[in-house]
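Encoded as structure tokens, the structure appears first; notes follow it.
The values are calculated or read from the model by the stated rules, or taken from the named source; none is laboratory data. Worth saying up front: this structure is predicted, and the values here are computed from it rather than measured. Virtual Cβ from ideal backbone geometry, glycine too; neighbours counted across all protein chains shown. In case anyone asks, the SASA skips ligands and DNA or RNA and just uses the protein heavy atoms, side chains included. Shrake-Rupley method; radii C 1.70, N 1.55, O 1.52, S 1.80 Å.
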Amino acid sequence: MTARDLGGAADPDELGSPDSGSHDPDEGGHFGPYGGRFMPEALIAAQDELAAEYDKARRDPEFVAELDRLLRDYAGRPSPLTEAERFSAHAGGARVLLKREDLNHTGSHKINNVLGQALLVKRMGKRRVIAETGAGQHGVATATACALLDLDCVIYMGATDTRRQALNVARMRLLGAEVRPVSTGSATLKDAINEALRDWVTNVADTHYLLGTAAGAHPFPLLVRNLHRVIGTEARQQVLERTGGLPDAVLACVGGGSNAIGIFHGFIDDPGVRLIGAEAGGHGLDSGEHGAALTSGSPGTLHGARSYLLQDEDGQIAEAYSISAGLDYPGVGPEHAWLADSGRAEYRAVTDEEAMEAFRLLSRTEGIIPAVESAHALAAALRVGTELGPEAVLVVNVSGRGDKDMDTAAHYFGLVPEAGITGEDQQ
Amino acid sequence: MSLQEVFRNCAEQRRSALIGYLPAGFPTVSESVGLFEAMVRGDGHTPGCDIVEVGLPYSDPVMDGSTIQSAAERALRNGFRVRQLFDVVSAVAASGAVPVVMSYWNPIHRYGPDAFARDLRAAGGAGLITPDLVPEEAGEWMEASEEHRLDRIFLVAPSSTEHRLALTASAGTGFLYAASVMGVTGARESVSDSARELVRRTRAHTELPIGVGLGVRTAEHAAEVASFADGVIVGSAFVTRAEREGQDGVCAFAGELGRGVRTASPEPAGG
């Protein structure tokens, strides 16, 4: 990868205004009517500092080189693009190519963002990092970067999630992080973010909030997107080399939306490539139990940005639901709201059941156990492939691996006696 | 009465205004009206609050500590709806204090800023405090508040730069809310020196009265803050008294704080 992927000085387009083709938000962080900074005044100075430091860092060849080095030698980039021949047979015969973010160090795309932000923390001279986590993927990635770069690390995690993802709690603690369970509100990801924001407003002088997704107040949606853009840049080059052309569609799951925005940006200026986000349909949109902010929510402000979110008629934030903790969030990054409104990207809801079927199918046809989050994108690919037929080429972002989901899968499919074999067909 | 008139009256009495906060609908709508009235009445010796902040309970209150969070959660569990806010505001106005609403932005965004301003004004509200809305994002609210003649109370913080103090001062009306410390709401052992410094810095940019909040929990704190600020804001400590002792406790506490703001020796620092 090169400086271009980081918005480095090598490419003037990447540094320009929104009209110069860089797809950056305006100075206040607005993507159309979305984004911005709906934040307490006390945190604005820190957001300004971060925006200014990032602006300098992205033009600094030393910073860019250091991040390149870590992504290559530590995280294991570039991640491969894998031909999924047997899986393709179930997707209407469409050719399915998997972008393997699951093979990164720590097992997901999250490492791209945390390495970049942790290097920024060093530049800003701060010593303490806080972060939220849902499934534990971002918490583990953050704890990892903090161990590597010698930073103090506190992770906020909903109490419900600490029970669902006990092994990840152990991983974070092993890596030297302090994990603080949050039992306010729904005790899940959104409450962990609330608690991290409360910590940040109290300790902002020496603390960086290492936000894990392309949401929140400016500059986070821009910063996190640019740090994940490497996924799309690599994927575009790999698919061109492999097939001699561009794909018909690029698919990714969307919770907050960081892996999706990263891969989408590699193809955003290719109008023939459909960008398709898979949201958590949970028990179905009609059930009211889901995490589909774009397909089923309405505009509002949450955690610092204006975007689509799940809320009641009084503007109280609704509890999201998904079988995957990583998509169990009532909001979504503001750039996705803009891409949805403008029609450049399309979003579909995928139910728990569809996602778990795709989870099992990829495991059995390709020997790859994906994260349940990523299985939502795979399920969408099965549908899109069937719609487009055997001539189509689909790139699917496998944003993480499924080790963390084995307990969920064991219960769901009845794979171990403790989980209760349900008599479901195990072939 | 307007906020401007309250601060002028208080200045004539050479004292700071006492500003008290409770969430609407806590623990229920009717009980909250009783608590607000108690907070205004005081203890029979000394009147209570001059200005009342009526909090709108919200599911995700990121600027609030655990005391106000759990009070808001309780109000919501008991079925509080946004439309009931206006009944509470009317009751506060009838009790003789000037009501302002404190709310996170999303419920107002959802209600429609113009409709919210219209209904708040009709209920006798004087303005709105917006803990997560900074002037740069307040375009719609600037219009709605102009249209319906409501004051816009923005926050300043110890971390605000001079540029931001000036920007916020010029966008606000009524008074400016100075967050005394870096942190969330909640009673503290002492009121930090950063409050005094922030008020001093803010005065350089505005003629508006300045209220200081976050951490004030005793009559002594109130007296101390009153010596350098135009308004003393007490929130979490009122919630705690209301939880433990109900209306009687709130009356007594309001009286204590009322004496606090009357015993301070004001530093005539322009306010």
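At-a-glance table
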{"quantity": "Selected from A:Pro299, B:Ser103, A:Gly282, residue furthest toward positive end of dipole (the protein assembly as shown; charges at beta carbon)", "calculated": "B:Ser103"}
{"quantity": "Unit charges at the beta carbon, dipole of the protein assembly as shown: most positive-side option, A:Pro247, B:Gly213, B:Leu35", "calculated": "B:Gly213"}
{"quantity": "Helical contribution to [θ] at 222 nm, DSSP H n ≥ 4, -39,500 (n - 2.57), averaged over chain B, rounded to 500", "calculated": "-14500 deg cm²/dmol"}
{"quantity": "Overall form of region A:169-321 per C-alpha gyration tensor (a/c, 1.5; a/b vs b/c)", "calculated": "oblate"}
{"quantity": "Simple Cβ-charge dipole of region B:3-263, Lys/Arg +1 and Asp/Glu -1, about Cα centre, in debye nearest 20", "calculated": "300"}
{"quantity": "Hz values of 3J(HN,Hα) by residue in region A:122-133 - Karplus curve (6.51, -1.76, 1.60), Gly and Pro given as x", "calculated": "4, 4, 7, x, 8, 10, 10, 10, 10, 7, 9, 8"}
{"quantity": "Inter-chain shielding of A:31-43 (mean C-beta neighbours from other protein chains, 10 Å cut-off)", "calculated": "6"}
{"quantity": "Reference-scaled alpha-carbon Rg (2.2 N^0.38 Å with N residues) for the protein assembly as shown", "calculated": "1.00"}
{"quantity": "Separation between Cα centres of region A:42-87 and region B:74-102, rounded to whole Å", "calculated": "48"}
{"quantity": "Unit charges on C-beta of K, R, D, E only; dipole of chain A, Debye", "calculated": "1000"}
{"quantity": "Among A:Val129, A:Val204, A:Val121: highest mean-square fluctuation, GNM of chain A, C-alpha pairs under 10 Å", "calculated": "A:Val204"}
{"quantity": "Accessible area buried, both sides summed, chains B and A with 1.4 Å probe, Å²", "calculated": "2900"}
{"quantity": "Calculated FRET value between A:Arg86 and B:Arg77, using beta carbons and R₀ = 45 Å, to 0.05", "calculated": "0.30"}
{"quantity": "For chain A, calculated [θ]222 nm from helices alone, where every DSSP H run of n ≥ 4 adds -39500 (n - 2.57)", "calculated": "-12500 deg cm²/dmol"}
{"quantity": "DSSP-defined antiparallel bridges as percent of all bridges, chain A, nearest 5", "calculated": "30"}
{"quantity": "Proximal lysine pairs, the protein assembly as shown, alpha carbons under 26 Å, eight or more residues apart or interchain", "calculated": "11"}
{"quantity": "Alpha-carbon spread of region A:25-143, three principal axes, descending order, Å", "calculated": "54, 37, 29"}
{"quantity": "FRET efficiency for B:Thr46 and A:Tyr74, using Cβ-Cβ distance with R0 set to 56 Å, rounded to 0.05", "calculated": "0.30"}
{"quantity": "Alpha-carbon radius of gyration plus Dmax, which is the widest Cα pair, for region B:3-263 in Å", "calculated": "16.5, 45"}
{"quantity": "With at most 14 neighbouring Cβ atoms within 10 Å, loop GluC sites (Glu not before Pro) (DSSP) excluded, longest segment of chain A", "calculated": "A:28-312"}
{"quantity": "Å² per residue, accessible surface of the protein assembly as shown at 1.4 Å", "calculated": "35"}
{"quantity": "Trypsin sites (Lys or Arg not before Pro) within region B:138-169: DSSP coil, no more than 14 neighbouring Cβ in 10 Å", "calculated": "B:Arg149"}
{"quantity": "Cα lying deepest toward the dipole's positive end in chain A, options A:Ser324, A:Leu50, A:Phe264, charges on Cβ", "calculated": "A:Leu50"}
